Amino acid sequence: MSTPYTNLPNHHFHSKSVKGIHPSKFDPIINPKFIIDADAKIMTIGSCFAQHVSKWLIDHGYNILIKEQDEQLSGGVFSANYGNVYSVQQACQLYKRAMGKWQANENVYSDNTGRYFDPLRPSAIVNGFESKEQVISRRIQHEQEVKGLFLDADVIVFTLGLTETWIRKNDGAILPIAPGVIAGQFNDLDYEFKNFSYQEVEHSLVEFCTLIRKTNPKCKILLTVSPVPLAATYENKHVSVASMASKTILRAVIESVLKQFDFVDYFPSFEVFYTPGIGDAYFDYDNRHALPIGVSHAMRLFKKHYTAEVKTEMQQQRLALFSAHILKAYQNVNCDEGKIG
């Protein structure tokens, strides 16, 4: 008996594309919207998992844009020293700061050693800054570098991480991590917790994609969701329940946005880790951090479906362009959220 499913390809069926296959053979990518060629200028931004993408692009000689290379990094390797950008709203605010459309106030964190930290990127620079004035001065320089990235990139790879965040009340600054975790002191008069809803995340992701395309009409955006669970939640929920709520909101929002923009695509690294029977062995003993074998699986699919081959000579030439600071910092993945506890 014929059904609407009778002649569909194998990838439509769990029994033919998931059941019984070796995990290393799992490949959920069908019909990518675009290919990243060997010379495409790539910007990376997002949660700590996005650093795995940066590392792979550097290792394989792709034309990843890396600014502020001489700074002593502690916040991981991204295209500029913005550190972890966990929420879509934080990314939107970063864009608006870079373009001069929004400005944070000059309040900074300080510690008992006389060092100062930027609340908007507290872990980006090793040991912070010497003065408040230096924090603000370097922030302005940093925003100019980020502006150049947004205007110049051919592809932005954006890894969405969280819906939970902390907001500074007096100016609405969206912070990457709660005050007091890395630097600063928390009090509920100055800061408030926010867990963005599906509608709020969708609105902000549509805004982000629209803003990017308006100022950089050639730019494509490749979205992904970090498979790394929440380290902690401020909601009165079990952390696993809060984590799944956050990840499913992000994933569902992406599905909606994909239907609205032909220049936006989704890379399913999240599914590599969370498909039952496939990603079970891809987390470390803490059941949170991604193991190299899982990252390798995801990036093997990234290479197969989304990138053109880079010649060995070009790989070596590009690797030589990175500073010692970058090559040292990218050996490790830094996660602000992991410092919560």
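Table for the structure above
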item	result
Candidate lysines - alpha carbon under 24 Å from Lys194, same-chain residues fewer than 8 apart omitted	Lys96, Lys101, Lys169, Lys237, Lys247, Lys339
Residues in the stretch 31-64 reached by a label modelled at Gln316 [backbone nitrogen below 11 Å; 7 Å Cα→Cβ]	none
Structure-derived Cα extents along the principal axes in Å - corresponding label in (i) 74, 52, 41; (ii) 78, 48, 35; (iii) 66, 40, 39	(i)
Kyte-Doolittle mean at least 0.0 and Cα axial length at least 18 Å: DSSP H helices in the chain	239-258
The chain - Cys residues lacking any other Cys C-beta under 4.7 Å	Cys92, Cys209, Cys219
Solvent-accessible heavy-atom area per residue, rounded to whole Å², over the stretch 23-148 at 1.4 Å	38 Å²
Members of Lys41/Lys303; Lys220/Lys311; Lys67/Lys132 lying beyond 19 Å, as alpha-carbon distances in this model show	Lys220/Lys311; Lys67/Lys132
Peptide ranges 39-51, 200-212 listed from the most packed, as the mean C-beta count within 10 angstrom indicates	39-51, 200-212
The chain - percent relative contact order, Cα under 8 Å, separation 6 or more	25 percent
Peptides 266-272, 224-230, 54-60, 82-88 ordered by average Cβ neighbours within 10 Å, highest first	82-88, 224-230, 266-272, 54-60
Computed FRET value (nearest 0.05) for Lys33 with Ile293, which takes r as the C-beta separation and R₀ as 25 Å	0.35
Distant-in-sequence amide H partners of Val225 (H built 1.01 Å from N, under 5 Å)	Leu160, Ser269, Phe270
Helix-only CD estimate at 222 nm, as mean residue ellipticity for the chain, using -39500 (n - 2.57) per DSSP H run (n ≥ 4)	-11000 deg cm²/dmol
Share of carbon and sulfur in the accessible heavy-atom surface of the stretch 19-91 [1.4 Å probe, %]	47 percent
Packing-based order for 156-169, 235-248, 185-198, using average beta carbon neighbours within 10 Å, highest first	156-169, 235-248, 185-198
Spin-label pair Leu8/Asn107, simplified geometry with 7 Å Cα→Cβ offset, distance in nm	5.2 nm
The stretch 173-224 - percent of accessible surface contributed by carbon and sulfur, probe 1.4 Å	51 percent
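The values are calculated or read from the model by the stated rules, or taken from the named source; none is laboratory data. Note that the coordinates shown come from a computational prediction; the quantities given were computed from them, not determined experimentally. Virtual Cβ from ideal backbone geometry, glycine too; neighbours counted across all protein chains shown. These accessible areas exclude ligands, DNA and RNA; they are computed on the full protein's heavy atoms, side chains included. Shrake-Rupley method; radii C 1.70, N 1.55, O 1.52, S 1.80 Å.
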